[in-house]
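**Student:** Here's a structure for you.
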Amino acid sequence: MAVEATTEKPKNKAWGGGVSPYNVSWGKMYMWFFLVSDAFTFSSLIIAYGVMRHRFADIWPLANDVFTHFPFIEGHIPLAYVGLMTFILIMSSVTMVLAVDAGHKRNNKAVANWMLLTIIGGFMFLGSQAWEWYHFIHGTEQGAYIMNDGTVARPSINATTHEVDLNTLLLPGGKTVSGAEAAEIIATSEHFHGANMVKNEYGHPLFGDFFFFITGFHGFHVFSGVVINIIIFINVLNGVYIKRGHYEQVEKTGLYWHFVDLVWVFVFTFFYLV
Amino acid sequence: MSAEHHNNDKHDSKHGYYTGDIHNQFIEEHHQSNSVSTIWKTFWILLVITLFEVGIAFTSIPHSILIIIFIVLTIVKAYYIVAYFMHLKHEKQSLRYSIVLPFLLILYLIVMALAEGNYLNLVG
């Protein structure tokens with residue numbers, strides 16, 4: 001009787017044993033569940049950013065006033081550079097998915113080529129991010145005046161001549177001070193350029209902290225993604241996956257790489273656009 | 001636990017995990033679903049949405065409306081990346097739900113954070 005009971009076919013075939021319930025390999029399933037947990041980490045960081053930004057909404061710096069540089073071009077160009085970074089990352093996601101596609105077609109040479117382009121895209125993004133950090137850390141020529149209570153007063157810039165106007169200082173929340181009052185602020189405050197973890201010339205210190213932490217954490221993901229891609233690329237060149245008979249390793253790496261792109265889409269929106 | 005059970009399993013009894021045969025089987029199933037044209041179509045959708053976002057950031061649309069547009073478009077972009085680049089659309093439904101449903105907890109966290117955020121100014 002007992003023997004009969006165990007050989008009876010289970011009602012739910014997918015979870016009854018003998019087949020893969022999710023119809024994926026264990027490696028891919030691990031990667032997916034790792035990415036879910038990693039997405040939770042990033043979500044928590046971005047939500048924390050949102051709460052603090054909401055709390056200090058009246059004095060929070062606008063990203064459009066902070067990230068205004070573009071290589072080799074003078075002037076105030078907001079959003080263009082991060083737009084370019086987004087494009088680079090989307091492009092490298094495309095080359096990655098084309099590498100996976102070439103793997104399905106068992107075309108080793110094409111996989112190698114697309115992987116190489118993906119790696120180049122990753123390095124381009126990392127370089128762009130380093131450039132962005134450099135400008136954020138070094139700050140503007142005119143800098144800002146940080147008062148004893150932490151309030152940041154920024155020199156205004158003449159709209160037509162683009163010259164720095166020390167007579168008019170911009171306070172957080174759109175207020176301005178001029179004349180003798182401005183002169184007193186300049187005399188009693190610390191003149192500061194750029195940003196670090198404790199203070200920054202753009203406004204609230206938390207703005208810099210979140211910027212360094214979130215883009216840094218994302219950048220570290222990109223960096224590790226590039227390292228993993230290089231390892232896979234070397235494997236492809238050595239014909240490891242020809243011997244193995246399938247390119248699933250490329251697919252799993254691809255999942256991670258697309259995830260990095262996915263996180264950037266959210267960072268782009270919540271740090272730069274909103 | 002008969003011999004028949006073992007045959008159906010494709011199970012490596014020595015190591016206790018599924019062997020390479022089943023791997024290849026998954027890969028062949030996925031072969032047809034993601035053509036090169038789908039990849040490029042997804043790319044153009046992502047690019048156009050991004051350009052659109054950058055474009056409307058400088059218009060005179062009120063900021064509160066812009067925020068909603070940006071968040072909706074971000075979720076659309078996320079959908080295309082996850083569904084087509086990460087291929088989730090063509091995975092089994094049980095796997096899709098296992099991956100997507102946990103994000104209800106993130107929605108819950110957002111609701112909690114928004115509610116608490118209104119009181120933060122009272123405590124410093």
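Derivation of every value follows stated rules applied to the coordinates shown; laboratory data play no part. All values reported here derive from a predicted model rather than from experimental measurement. When we count neighbours, we look across all protein chains shown, and the Cβ atoms used for this are built from the backbone with ideal geometry, even at glycine.
**Student:** For a quick protection proxy, order the peptides A:259-266, B:40-47 by their average other-Cβ count within 10 Å, most packed first.
**Tutor:** Output ranking for A:259-266, B:40-47: A:259-266, B:40-47.
**Student:** So, one more: Shape call for the protein assembly as shown from the C-alpha gyration tensor, a ≥ b ≥ c root eigenvalues: rounded (a/c under 1.5), prolate (a/b greater than b/c) or oblate?
**Tutor:** In terms of gyration-tensor shape, prolate.
**Student:** Which of the peptides A:248-256, A:125-133 is most tightly packed, and how do the rest follow, judged by the mean count of other Cβ atoms within 10 Å per residue?
**Tutor:** Answer by packing, highest mean first, reads A:248-256, A:125-133.
**Student:** Another one. Would you mind listing how long the stretch A:206-274 runs along its three principal axes, going by Cα atoms, in whole Å with the largest first?
**Tutor:** Sorted from largest, the Cα extents of the stretch A:206-274 read 51, 17, 11 Å.
**Student:** Count neighbours as other Cβ atoms within 10 Å of each site's Cβ, and list the chymotrypsin sites (Phe, Trp or Tyr not before Pro) in the stretch B:60-124 that are DSSP loop with at most 15 such neighbours. Display every interim value, and only then the final one.
**Tutor:** Values: sites: B:PHE70, B:TYR79, B:TYR80, B:TYR84, B:PHE85, B:TYR97, B:PHE103, B:TYR108, B:TYR119; in loops: B:TYR119.
In loop regions of the stretch B:60-124 (DSSP not H, G, I, E or B), the sparsely surrounded chymotrypsin sites (Phe, Trp or Tyr not before Pro) are B:TYR119.
**Student:** What's the magnitude of the charge dipole for the protein assembly as shown around its Cα centre, counting Lys and Arg as +1 and Asp and Glu as -1 at the beta-carbon? Answer in Debye, nearest 20.
**Tutor:** 1460 debye
**Student:** Another question, if that's okay. Need one value for A:251-261: mean number of C-beta atoms belonging to other chains within 10 Å of its residues' C-beta atoms.
**Tutor:** 3
**Student:** A further question on this structure: Hey, what angle do you get for helix A:248-267 against the long axis of chain A, alpha-carbon based, 0 to 90 degrees rounded to 10?
**Tutor:** Tilt relative to chain A: about 30 degrees.
**Student:** Same structure again: Please name whichever of A:LEU116, A:LEU89, A:PRO71 sits farthest to the positive end of the charge dipole of the stretch A:13-138, dipole taken about the Cα centre and charges placed at Cβ: Lys and Arg +1, Asp and Glu -1.
**Tutor:** A:LEU116
**Student:** Whole percent per 5 Å bin, from 0 to the bin with the longest distance: what is P(r) over all C-alpha pairs of the stretch A:61-147?
**Tutor:** Histogram of Cα-Cα distances, whole percents per bin: 3, 13, 18, 17, 12, 10, 9, 7, 5, 3, 1, 1, 0.
**Student:** Give the average over all directions of the projected area of the C-alpha convex hull of the stretch A:141-192, one decimal, in nm².
**Tutor:** Hull-based average projected area comes out at 3.5 nm².
**Student:** How shielded is A:78-90 by partner chains, expressed as the average number of their Cβ atoms within 10 Å of its Cβ atoms? Intermediate values should be presented prior to the final figure.
**Tutor:** Details: counts 3, 5, 1, 0, 2, 6, 1, 0, 7, 4, 0, 1, 9.
The per-residue average across the peptide is 3.
**Student:** Sticking with this one: Please go through the stretch A:72-111 and write out the trypsin sites (Lys or Arg not before Pro) that DSSP classes as loop and that have at most 14 other C-beta atoms within 10 Å.
**Tutor:** Hits after loop and neighbour filter: A:LYS105, A:ARG106.
**Student:** Can you give me the angle between helix A:26-55 and the longest principal axis of chain A, using Cα atoms only, in degrees from 0 to 90, rounded to the nearest 10?
**Tutor:** The helix A:26-55 is inclined about 20 degrees to chain A.
**Student:** Now for a separate question. Just checking the output field for B:61-67: average partner chain Cβ neighbours within 10 Å of each residue's Cβ?
**Tutor:** Numbers: counts 0, 0, 1, 0, 0, 2, 4.
Neighbouring Cβ atoms belonging to other protein chains average 1 per residue here.
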